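Laboratory data are not the source of any read-out in this text; all were calculated from the coordinates shown. Treat the numbers as computed from the prediction; the structure is a model and nothing was measured. Cβ: placed from backbone, ideal geometry, glycine included. Neighbour counts: every protein chain shown.
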Amino acid sequence: MIYKVTLNGRTYEIEVEAGKAMCLNEYEALAPAAAPAAAPVAAPAAETAPAAPAAPVAAPGAGEVVAAPMPGTILKVNVQPGQAVKSGEVLVVLEAMKMENEIMAPKAGTVAQVLVTKGSSVDTGAAMVVLN
């Protein structure tokens with residue numbers, strides 16, 4: 001099988017056969033081409049009904065934000081707003097790389113906001129829970 005592998009800005013063409021690998025070609029990686037500018041969109045006719053506004057994204061309020069340590073999917077949310085929590089109590093279970101990670105309260109307090117739901121995806125640093 002022949003594979004193209006890019007490493008540190010250089011692209012290598014690798015051939016792998018029965019337990020041995022051989023580099024066939026090496027060349028500079030090409031930067032992706034810029035996307036063409038989109039054509040302007042005409043305004044909708046006045047007769048059409050306006051689209052429903054998008055639901056506002058909840059912004060974390062005052063308090064200590066418990067952020068996602070890594071990207072993943074929320075498997076379980078164990079807390080609700082107004083609930084008292086102890087330091088070390090599991091707030092959220094986050095699946096990342098086929099592993100379940102328990103995200104725990106860094107301090108005792110009250111849950112001010114829960115910003116994630118079961119099944120939602122989060123990126124590294126995304127706010128999940130706000131504690132007071």
ask   = Can you list the HN-Hα couplings for the stretch 62-78, worked out from phi with the Karplus curve (6.51, -1.76, 1.60; θ = phi - 60°), rounded to whole Hz and with x for Gly and Pro?
value = 5, x, 8, 8, 9, 9, 6, x, 7, x, x, 10, 6, 8, 7, 10, 9
request  = For the stretch 75-115, just run the numbers: alpha carbon Rg, then divide by 2.2 N^0.38 Å, N being how many residues it has.
outcome  = 1.17
message = Testing the spin-label approximation: label points 7 Å from Cα along Cα→Cβ at K76 and E89. State their distance in nm.
response = 1.5
task = Taking H placed 1.01 Å from N in the peptide plane, check which residues at least 5 places from M70 or on another chain put their amide H under 5 Å from its amide H.
result = G125
message = Can you give me the distance in nm between label points at K98 and R10, each placed 7 Å from the Cα along the Cα-to-Cβ direction?
response = 3.3
